[in-house]
1. Round to the nearest 0.05 the FRET efficiency obtained for Asn111 and Arg283 when R0 = 25 Å and r is the Cβ-Cβ distance.
2. Could you give the nm distance between label points at Ala47 and Thr21, where each point is 7 Å from its Cα heading toward the beta carbon?
3. Hey, if we sort Ser185, Ser251 by accessible area with the 1.4 Å probe, largest down, what's the order?
4. So I have [x] 22.1; [y] 20.1; [z] 23.8, and one of them is Kirkwood radius over Cα pairs in Å calculated from this model. Which one is it?
5. Could you order peptides 160-168, 23-31 by the average number of other Cβ atoms within 10 Å of their residues, highest first?
6. Hey, any idea what % of the range 5-49's accessible area is carbon plus sulfur with a 1.4 Å probe?
7. Students often get this wrong, so check it: of Lys14/Lys295; Lys9/Lys45; Lys83/Lys234; Lys177/Lys225; Lys144/Lys207, which have C-alpha atoms separated by over 24 Å?
8. Express in nm, to one decimal, how much length is gained between Met235 and Ser185 on full extension, taking 0.36 nm for each residue of separation and deducting their alpha carbon distance.
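The values are calculated or read from the model by the stated rules, or taken from the named source; none is laboratory data. Bear in mind that the values here come from a model prediction, so they are computed numbers and not experimental data. Here the Cβ is made from the backbone with ideal geometry for all residues, glycine too, and neighbour counts use every protein chain on show. These area figures cover heavy atoms from the full protein model, side chains too; ligands, DNA and RNA do not enter into them. Shrake-Rupley method; radii C 1.70, N 1.55, O 1.52, S 1.80 Å.
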Amino acid sequence: MYTQLRLLKEEIQKRHYSIRTEEAYIYWVKRFFRFNRTLKPINFKPAHIDKFLTYLAVVEQVAPSTQNQALNALVFYYANVLKTVPPEELQFARAKPQKRLPVVLTRDEVNRLFHHLEGRYWLMAGLLYGSGLRLMECIRLRVKDVDLDHRCIIVRDGKGAKDRVATMDDMLIPHLKAQLEMTQSLFKMDLAAGYGEVYLPHALERKYPNAPTEWAWQYVFPADKRSMDPRSRKMRRHHIGEQALQRAVKSAVRKANINKPASCHTLRHSFATHLLEAGYDIRTVQEQLGHKDLKTTQIYTHVLERGANGVKSPLSVSVSPVKSPGIKDPRGLYYIAA
């Protein structure tokens, strides 16, 4: 088992996959080993993938995206470690697809939420809502990709390995300048202490040996402490952990009495919806969000005007206005709504 996992890790790193992908793939292959603990890897067949994925859907009732992630991990393992290519059409039971509308905040709710954020968390949430960034796009933002003169954010290697240009609100400029000044002071302190290197993706460190200690490549939102890089084993200052921002936003949602399951990604949903409400065409919003398919962007029209299908309720046309009727509560008592 340990030999198989080591080979899997080597194959993943050979292809320069992110450490998150590496962790996810190793997790699912470990789960697969435990599910088939009576077998040796040499005896694994494509049918064992079917059984495992069916178990995930039927017994554990995982989401379709979770089942797909497990499938991707196992196909990668079979193809690159076992050197066996599974058939394109597997026979496993698929998890039921979920069709859910995104959670969107009103402008008033956004305002209330921001009143309960402060410091760098206020600024980071401002980039999520003001520029439509994904959580990790904000967390991994580097100095060179903040263009204050042109008031834009350059998103590098976003979802789908795509670059894009996102807008920047003028309100954020003085706060970004202050954040960059703080980050630069921290960077100079690290350099003086013999550190200052930052992680570079896709072997850029070998191609540009001086880049890791250049100011332009530093993270805009660095971590408070240096830590050991799990791959290179070098002591570096990485970016701030995403859990810190997630906790701050969740806390702000509670304090603002917002009765919605809002999260960091909700701010991106709200960005898109509010742009459409303001009259921007859907193609522009698609480019800002970095969506490959226009259908993905169209889901945000669900809150516009009179609903997703432009349907006007017949209630106000058919029923005369009256005072609010008595409402019966669960105990069988009536009260008159104000």
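1. It comes out at approximately 0.30.
2. Between Ala47 and Thr21, the label points sit 3.2 nm apart.
3. Ser185, Ser251
4. [z]
5. Result, highest mean Cβ count within 10 Å first: 23-31, 160-168.
6. Within the range 5-49, the accessible surface is 53 percent carbon and sulfur.
7. Lys14/Lys295; Lys83/Lys234
8. 16.2 nm
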